[in-house]
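Report on the following structure.
The values are calculated or read from the model by the stated rules, or taken from the named source; none is laboratory data. Fair warning: this is a prediction, and the values are worked out from it, not measured in the lab. With ideal geometry, Cβ positions are generated from the backbone for all residues, glycine too; neighbour counts draw on all protein chains shown. Heads up: the accessible areas ignore ligands, DNA and RNA and are worked out on the full protein's heavy atoms, side chains in. Shrake-Rupley method; radii C 1.70, N 1.55, O 1.52, S 1.80 Å.
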Amino acid sequence: MTVPNFHAEAVKRRARELGFDACGIAAADQIDPEDRLGTWLARGFHAAMKWMAATSEIRQDPRKKLPGARSVVVLARNYYSPSPAANERAGRVARYAWGRDYHRVLRKPLRELAAFIESLEPETRCYASVDSGPVMERSWAARAGVGAIGKNSLVLRRDIGSWFFLATVITTLELEPDAPATDICGTCTLCIDSCPTAAIVEPGVVDSNRCISYQTIENRGEVPDSIASLHDNWVFGCDVCQDVCPWNRFARETTEPDFLPRPDQASPNLDDLAALSEPQFRARFSGTPLMRAKHAGIVRNANIARENAGD
Ligand code: B12
């Protein structure tokens, strides 16, 4: 057995101990040789997410983020829990946002994993991130065999579907890479056909301008009427392209109590949401993913959902 392989097994064992549901490894080189990100940006599919364009070069090559990087360790953490009973006039919130903010929940185990990797060989350095780092997490997950990229562009696994967060540790340590994942969608097009706004313009390619998730979370301005009228009662994110995915029949309940639904957050009353003052919004949602949409965004979304309900 080679030394890198020995280390790879130790890293995966530690990841499991820290609660991660899956861990895979890829060699840290150019992740996007076909420049899919560049094409996506050139088509304007990032909408107003200027930070996606500003960091595109670093996203495509982890060695630009961590000089000397040799490996990327990819982690998945399942957040699935069954839907709570919906109240009368409830808005819908994407499942990933039913509990505590995942950036905060995953920070500690991720830091511990990075410290463990650094302890394996002298002078090893790591860069760990969840979501907000300039890292193409889905492409890395596919390359590290953590899951296949679905037609909805999400990473899917045969054992737990797609209800999981991704995180990565870029490291200067050389680790034995895993085999890349292969397609598991086959001829299925349920996600493409079910998207209320036709946001999945090609298999694996999402136009954020049309995506309800983008409009309800990231858009700081007005939502175009043609899209808003299709929001139904989504007030934060959207799960339609995951709800219809056949692989999600295999979803299993999360083992992380912090991800379990808080009723006021997972199915909030639309009238209450629309009436929230800024301090009330902060008191109710501080430490949760909903803060990302800000007070103005949540109130706007609740009003759109009320209009869609015929108010
Ligand atoms: C920007 C962003 C968004 C944007 C744009 C979405 C998009 N599809 O690009 C918006 C706001 C719309 C969004 C929405 C959501 N997001 Co988001 N988002 C991101 C973020 C920050 C960057 C994604 C990105 O780089 N997009 C640019 C495109 C070009 O890259 P890409 O999405 O990776 O897709 C490329 C690859 O799939 C590649 N590709 C295709 N086939 C193959 C095959 C191989 C072998 C390879 C190597 C590559 C490859 O080509 C695609 C480009 O066309 C990531 C976190 C991160 N740092 O990566 C989270 C992330 C992707 N989001 C996540 C989640 C959960 C969501 C939502 C489900 C939230 C919700 N319920 O509302 C929705 C899902 C909407 C959807 N169908 O994509 C999770 C996904 C977890 C998973 N299991 O896959 C991530 C990874 C965050 C995290 N750390 O967990 N998101």
For Phe250, net neighbour charge (Lys/Arg +1, Asp/Glu -1) across residues whose Cβ lies under 10 Å away: +3
The chain - charge dipole about Cα centre, Lys and Arg +1 at Cβ, Asp and Glu -1, debye rounded to 20: 500 debye
Virtual spin-label span in nm between Asp264 and Arg125, 7 Å along Cα→Cβ: 4.5 nm
His46, His103, His231, reordered so the largest accessible area comes first (probe 1.4 Å): His103, His46, His231
Accessible surface of segment 190-308 [probe 1.4 Å, protein heavy atoms]: carbon and sulfur percent: 51 percent
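Rounded to the nearest 20 Debye, what is the dipole magnitude of segment 190-308 about its Cα centre when Lys and Arg each give +1 and Asp and Glu each give -1 at the C-beta? Write down the numbers at each step before the final one.
Details: 11 positive and 17 negative charges, 61 e Å.
In debye, rounded to 20, segment 190-308 gives about 300.
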Degrees between helix 102-118 axis and first principal axis of the chain (Cα, 0 to 90, nearest 10): 0 degrees
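Taking the Cβ of Arg220 as the center, what net charge do the other residues with Cβ under 14 Å away carry, scoring Lys and Arg +1 and Asp and Glu -1?
Values: positive: Lys50, Arg292, Lys294, Arg300; negative: Glu218, Glu222.
Local charge sum for Arg220: +2.
Pop the C-beta distance of Glu253 and Asn308 into the FRET formula with R0 = 41 Å and round what comes out to the nearest 0.05.
The computed FRET efficiency comes out at 0.85.
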Net charge contributed by nearby residues that have their C-beta within less than 10 Å of Pro196 (K/R +1, D/E -1): 0
Pairwise label distance in nanometres, Thr189 with Glu57, each label 7 Å out on the Cα-Cβ vector: 3.9 nm
Among Asp159, Asp207, Asp239: highest mean-square fluctuation, GNM of the chain, C-alpha pairs under 10 Å: Asp159
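For Glu34, Glu253, give the ranking by accessible area with the largest first, probe 1.4 Å. Provide the component values of the computation, followed by the final result.
Values: Glu34 130, Glu253 105 Å².
I get Glu34, Glu253, largest accessible area first.
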Positive-end extreme of charge dipole, segment 190-308 - chosen from Ser208, Cys241, Pro257 (charges on Cβ): Pro257
Whether segment 190-308 is rounded, prolate or oblate, judged on the alpha carbon gyration tensor where a/c under 1.5 counts as rounded: oblate
Lys151 accessible area, assembled protein chains, probe 1.4 Å, Å²: 30 Å²
Exposure of Trp247 as accessible area (Å², to 10), given a probe of 1.4 Å and all protein chains: 50 Å²
Inter-label distance, nm, simple model (7 Å from Cα along the C-beta direction), Arg36/Lys50: 2.7 nm
Unpaired by the 4.7 Å Cβ criterion, cysteines found in the chain: Cys23, Cys126, Cys185, Cys188, Cys195, Cys211, Cys238, Cys245
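Give me the extension gain from Met291 to Lys64: residue separation times 0.36 nm, minus the current Cα-Cα distance, reported in nm with one decimal.
On the way: separation 227, 0.36 × 227 = 81.72 nm, distance 3.02 nm.
Result: 78.7 nm gained on full extension.
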Calculated log₁₀ intensity ratio I(q)/I(0) where the Debye formula runs over C-alpha points of the chain, q = 0.08, 0.09, 0.14 Å⁻¹: -0.36, -0.46, -1.12
Efficiency of FRET from Cβ geometry, Ala275 and Glu88, R₀ 25 Å, rounded to 0.05: 0.95
